[in-house]
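Nothing in this text is a laboratory measurement; each read-out follows from the coordinates by a stated rule. Please read all numbers here as calculations on a predicted model, not as lab measurements. Here the Cβ is made from the backbone with ideal geometry for all residues, glycine too, and neighbour counts use every protein chain on show.
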């Protein structure tokens, strides 16, 4: 029996999973959820700094997939304009629906919804929002749609909660109760770099929370 040669490089997905730039909701310390908040001026600088970094590195994206929420879409528009990359919106990359607490400061959220002592994976967050399990399933669906594209280099611009569940789906981590288990840090405009080989179903993680485009400043 002869063995097949390894797949050529063009059959590999190069995926960057990125969190949006700083929004007014971030700056105010709000539970943003699916409420729309625009970028701050700092956020716009973050997005431009990252796009200029990728220009210097000669990165070319076959496609950009972006959450339609304003903070992600504005981040994507800045990057797409500078890199001349096509961008599509996909609602499955939106942040978690946080139910009654979204758009509120932590102290306000505590008044409208008292967090239970124990949160199982199927329990709606914020009383009426998405459970961990629902968010995990949505992340898997978004990932599936991304990999329905031809192999190439793709940028996803999304949000911390859904990106964490995407990492769970990629790495085969089961959903946890009480928000325990692994946590993956995504600062504003920070990103994870991965490759995926469909021929042998092999994911490789090369970097996480990369924000080196903010040299000389505290990482966002």
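Over all projection directions, the Cα-based convex hull of the stretch 9-214 averages an area of 11.0 nm². The helix-only estimate of mean residue ellipticity at 222 nm for the chain, built from DSSP H runs of length n ≥ 4 each weighted as -39500 (n - 2.57), is -9500 deg cm²/dmol after division by the residue total.
As a size descriptor, the averaged projected area of the C-alpha convex hull of the stretch 90-173 was calculated at 6.3 nm². Normalised by 2.2 N^0.38 Å, where N counts its residues, the alpha-carbon radius of gyration of the stretch 41-153 equals 1.33. Between the stretch 67-90 and the stretch 124-185, what is the C-alpha centre distance in whole Å? So the separation of the two Cα centres works out to 20 Å.
Judged by the mean number of other Cβ atoms found within 10 Å, the most tightly packed of the peptides 205-213, 113-121 leads the ranking 205-213, 113-121.
How large is Rg/Rh for the stretch 19-91, to two decimals, with Cα atoms and a Kirkwood Rh? Checking Rg against Rh, the ratio lands at 0.99.
Most tightly packed first, judged by the mean number of other beta-carbon atoms within 10 Å of their residues, the peptides 104-112, 167-175 read 167-175, 104-112.
If the segment from residue 144 to residue 178 were pulled out straight at 0.36 nm per residue, it would be longer than the present Cα-Cα gap by 9.6 nm. What percent antiparallel are the DSSP beta bridges of the stretch 9-214, to the nearest 5? The answer is about 50 percent antiparallel.
Here the stretch 19-51 and the stretch 92-106 have alpha carbon centers that stand 15 Å from each other.
For the chain, the relative contact order works out to 29 percent when only alpha carbon pairs closer than 8 Å and six or more residues apart are counted.
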